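J.: First the structure, then my questions, so here it is.
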Amino acid sequence: MKLVKTEEAVGHVLCHDMTQIIRGQFKGPRFRKGHVVTAEDIPVLLSMGKEHLYVWEMRSGMVHENDAAERLCTLCRGDHMLRSEASEGKIELTAACDGFFRVNSERLIAVNSVPDVMIATRHGNTAVKQGDKLAGTRVIPLIIEEEKLRSAEQAAGEAPLLELLPYIKKTAAIVATGSEVKKGLIQDTFTPVVRDKLASYGMETLAVTYSGDGVENVAAAIADMRKTGAEVILCTGGMSVDPDDNTPGGIKQSGARIVTYGAPVLPGAMFLLGYYDDGTTVCGLPGCVMYAGATIFDLALPRIAAGVEMTRADFAAMGEGGLCLGCKPCHWPNCPFGR
């Protein structure tokens, strides 16, 4: 930092805000800390009584905070993201569409381990709406060494740190299991819940069928629903280990490749996910999906809608944060569940 005559300050960076007062009209910062002084600014500064300024001298090998934020933004920004203008050394990214948001956590930590740089994001592996904030980038000082930015860029690697995947699965079919439902002994209150959850991700329910009990009946109902062309098939109920709960067996007999039967998430431990050779997704939904505020289905559905093929490792990683705290009233999705 040094003191210079205002007339000699062009190209230098202001070290603090400059307040302007126009009686009866305006009082506030006319020039912000970090502003790079231009020739047009000089008459204004002199009119404010600023004959000398404290500035950072821009030396070779140093980068202004706005330029540094631009470079950090480039490390983050993937497709379907909008960016703000650089303001006071900060750039924000927002979602250009609804979708599933992912963060490369390992590389983000590596970047944030470089002194004097920072990238803050929302939690990855979450559903976002168009216009939601995704990330903010900036550096800590007004000017930063070029060497530090290069270290951050090296730590980030080639691909963007952030990814936003639009929802691409648009159709679904439901197999409601259980003889008591098929015979009309009880009302089907499960299907409406599933329909509503699907609709929230832009998915249309093409058909609903009632299979009754038995492995063969469930498998046959799934085969019928596959003929509808649905991209996702959801089997409701019959997912526990009781002898007459045959949904997992029916899904397996239908030819699905089972990724997982069971997940380290409560509620929803008895969830099943699999795939057919043509890419169709199949899920077995435990009864908790019908009545709980948030379950494993709410964690998996955004991925399914975005066309992300899940692995056993994806489910294993859900254990941390996979315990719903049962808050009353339920605050999902504004809560730590699944984070």
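J.: For Met48 paired with Arg339, estimate the spin-label separation in nm (one decimal), with each label point 7 Å from Cα along the Cα-to-Cβ line.
T.: Between Met48 and Arg339, the simple spin-label model gives 3.9 nm.
J.: Report the FRET efficiency, 1/(1 + (r/R0)^6), for Thr74 and Ser179, where r is their Cβ-Cβ distance and R0 is 45 Å, rounded to 0.05. Working shown, then result.
T.: Values: r = 59 Å, r/R0 = 1.31.
According to the calculation, E is roughly 0.15.
J.: Which stretch or stretches of region 35-49 have amide N atoms under 13 Å from the point lying 7 Å from Glu7's Cα along the Cα→Cβ direction?
T.: 42-43, 46
J.: Now for a different question. Keeping every protein chain in place, order His52, His35, His64 by accessible area at 1.4 Å, biggest value first, i.e. largest first. Intermediate values should be presented prior to the final figure.
T.: Details: His52 95, His35 60, His64 15 Å².
Ranked list, largest accessible area first: His52, His35, His64.
J.: Going by the alpha-carbon gyration tensor, a ≥ b ≥ c the square roots of its eigenvalues, is region 241-304 rounded (a/c under 1.5) or, if a/c is not under 1.5, prolate (a/b greater than b/c) versus oblate? Let's see the in-between values first.
T.: Working: a/c = 2.24, a/b = 1.24, b/c = 1.81.
Oblate, because a/c is 1.5 or more while a/b does not exceed b/c.
J.: Still on this structure, I have one more. Once you have a ≥ b ≥ c as the square roots of the Cα gyration tensor eigenvalues for the chain, tell me rounded if a/c is under 1.5, and otherwise prolate or oblate according to whether a/b is larger than b/c. Kindly include the intermediate steps, with their values, before the conclusion.
T.: Details: a/c = 3.63, a/b = 2.92, b/c = 1.24.
Verdict is prolate for the chain.
J.: Another question, then. Which value in nm describes the separation of the simple spin-label points at Tyr291 and Ser60, placed 7 Å from the Cα toward the beta carbon?
T.: 7.5
J.: Same structure, new question: Between rounded, prolate and oblate, where does region 163-301 land on the alpha carbon gyration tensor, with a ≥ b ≥ c its root eigenvalues, rounded for a/c under 1.5, else prolate if a/b exceeds b/c?
T.: Numbers: a/c = 1.30, a/b = 1.20, b/c = 1.08.
It comes out rounded by the Cα gyration axes.
J.: Identify the residues of region 185-206 with backbone N under 15 Å of a label point that sits 7 angstrom from the Cα of Tyr276 along the Cα-to-Cβ direction, or state none.
T.: 206
J.: Let me ask something else about it. Using a 1.4 angstrom probe with every protein chain in place, what is the largest-first accessible-area order of Glu320, Glu153? It would help to have the intermediate numbers written out before the result.
T.: Working: Glu320 160, Glu153 60 Å².
Ranked from most to least accessible, the order is Glu320, Glu153.
J.: Compute, for region 1-140, the length of the dipole vector about the Cα centre, with Cβ point charges of +1 (Lys, Arg) and -1 (Asp, Glu) only. Units Debye, rounded to 20. Numbers along the way, then the final one.
T.: Working: 19 positive and 18 negative charges, 72 e Å.
It works out to roughly 340 debye.
J.: Where nothing but the Cβ of Lys and Arg (+1) and of Asp and Glu (-1) is charged, how large is the charge dipole of the chain around its Cα centre, in debye to the nearest 20? Walk me through the numbers before you get to the answer.
T.: Details: 35 positive and 41 negative charges, 135 e Å.
So the dipole magnitude of the chain works out to roughly 640 debye.
J.: Oh, and also: Taking 0.36 nm per intervening residue step and subtracting the Cα-Cα distance, what contour gain separates Leu266 from Cys15 on full extension?
T.: Values: separation 251, 0.36 × 251 = 90.36 nm, distance 5.21 nm.
Taking 0.36 nm per residue and subtracting the Cα distance, the gain is 85.2 nm.
J.: Find which of Gln25, Met318, Thr247 sits farthest along the positive direction of the dipole of the chain, computed with +1 on the beta-carbon of Lys and Arg, -1 on that of Asp and Glu, about the Cα centre.
T.: Looking along the dipole axis, the top candidate is Gln25.
J.: Using a probe of 1.4 angstrom, how much of the accessible area of region 35-119 is carbon and sulfur, in percent? If you can, show how the numbers build up before the last one.
T.: Working: 2150 of 4330 Å².
Looking at region 35-119 in its full context, I get 50 percent from C and S.
J.: Any idea what angle helix 215-226 forms with the longest principal axis of the chain, computed on alpha-carbon atoms, 0 to 90 degrees, nearest 10?
T.: 50
J.: Using the Cα centre of region 134-236 as origin and beta-carbon charges of +1 (Lys, Arg) and -1 (Asp, Glu), tell me which of Ser200, Ile222, Gln187 is placed farthest towards the positive end of the dipole.
T.: Gln187
J.: With every protein chain kept in the model, how would you rank Trp56, Trp332 by accessible area, 1.4 Å probe, largest at the top?
T.: Values: Trp56 95, Trp332 65 Å².
Solvent-accessible surface, decreasing: Trp56, Trp332.
J.: About its Cα centre, what dipole magnitude does region 115-200 give when the only charges are +1 on Lys and Arg Cβ and -1 on Asp and Glu Cβ, stated in debye to the nearest 20? Working shown, then result.
T.: Numbers: 12 positive and 11 negative charges, 143 e Å.
With Lys and Arg at +1 and Asp and Glu at -1, about 680 debye.
J.: Further question: Taking R0 as 45 Å, what FRET efficiency do you get between Glu158 and Ile22 from their Cβ-Cβ distance, rounded to the nearest 0.05?
T.: Numbers: r = 50 Å, r/R0 = 1.12.
The value I calculate is 0.35.
J.: Quick one: of Lys90/Lys133; Lys170/Lys227; Lys133/Lys170; Lys170/Lys328; Lys5/Lys148, which pairs are farther than 21 Å apart, Cα to Cα?
T.: In this structure, Lys133/Lys170; Lys170/Lys328; Lys5/Lys148 lie more than 21 Å apart at Cα.
J.: What's the extension gain from Lys129 to Glu40 if we count 0.36 nm per residue and subtract their Cα-Cα distance? Write down the numbers at each step before the final one.
T.: On the way: separation 89, 0.36 × 89 = 32.04 nm, distance 4.14 nm.
Answer, rounded to one decimal: 27.9 nm.
The values are calculated or read from the model by the stated rules, or taken from the named source; none is laboratory data. Bear in mind that the values here come from a model prediction, so they are computed numbers and not experimental data. Positions of Cβ are generated from backbone atoms using ideal geometry, with glycine treated the same way; all protein chains shown enter the neighbour counts. SASA here: full protein model, heavy atoms, side chains in, ligands and nucleic acids out. Shrake-Rupley method; radii C 1.70, N 1.55, O 1.52, S 1.80 Å.
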